Every structure is written in structure tokens, then in C-alpha cells.
Amino acid sequence: MSIRLGPFTGGRLLLLASLCLNVALGAYIGAQWAQAEWAPKTVATTMPMRLIERVAQRLPPADADILHRIAEAKRPQMQPLQQDYTAALMKTLRLAGQPELDKPALRAAIQDARDKRVKIGDAVIETFVETLEHISAKGRRQLVGDFFR
């Protein structure tokens, strides 16, 4: 059985539909790619707090409250560090996306972003160390229990 609608056969209709879908998909991808600020801003700015939340989920409620209290107290210290790291990441991405790659500038930007990532990491580590000083022994065992089984 063959479908005929004037000069359009079934195969031609499928080809036309496929072409339309490809154009639509290409336009969508092109629009997403052409956006100036496509970098993962929300991921970069919320990473320390998401890590703290994941750790808090493994703690008893009272110990999780201690972690949240300490993290909130350190938030004013961590936010500027996180913003600096995000800005350094954006600079690195912009340099990497330029038509002419400036390799020394890119290496310097990557090193700067790495240094800033280490600073925010140190602040998060300090938060966890301070938390470990204040939570219960049960909470510490529960936190590390899966690693020793």
C-alpha cells in the first residue's frame, strides 16, 4: 500500500518531516550555544552548600543542626571566596572560547581558578573540622561508618 498525495509520496513526507525536525533542533542548539553567559553559575555558586547538605543528611538530626549552624556562621566568609572562584572560572571559559587561543593567558586563568577553588575548599574543610569537634561520637561514627565496612 502506498500513500500518494499529489507529488508527495510517503517517503517524501517522512523526509520533509525529518528535515523540519532537524532544522528545529539545530535552531534550538544554536540558540543555546550562542547565549553569552552559558556557564554553570548556579552550580558553581551553590557547590559548598550542596556538599554540606549531603553530609548533613548522613548525620543524626541534632548533629545536622550543628553542621547547619556552623555553615551558616561561615557563609559570609565562604560567599566572597565562591564568587571569586566563579569569576575565575568564567574568565577561563571566555579565554578558552576565543577564536585565537592565548595559551599563556589560558594557563594563568586556569591556575588562578585552581587557586581560588583551593581557598573555597579550605573554608569548607574548616567548616567540617569545626563541626567534628562539636558533634556526637555517634554522629562521627555514622558519618564515616560506610568507609570502613
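The convex hull around the C-alpha trace of region 100-149, projected and averaged over every direction, spans 5.5 square nanometres.
Please give the length that would be gained between LEU25 and LEU132 if that part of the chain were fully extended, namely 0.36 nm times their separation in residues minus their C-alpha to C-alpha distance (nm, one decimal). Mind dumping the intermediate values first?
Numbers: separation 107, 0.36 × 107 = 38.52 nm, distance 5.03 nm.
Answer, rounded to one decimal: 33.5 nm.
Here region 105-149 and region 54-69 have alpha carbon centers that stand 15 Å from each other.
Every number in this text was worked out from the coordinates using simple rules, so none of it is lab data. As the structure is a computational prediction, the values presented were derived from the model and not from experiment.
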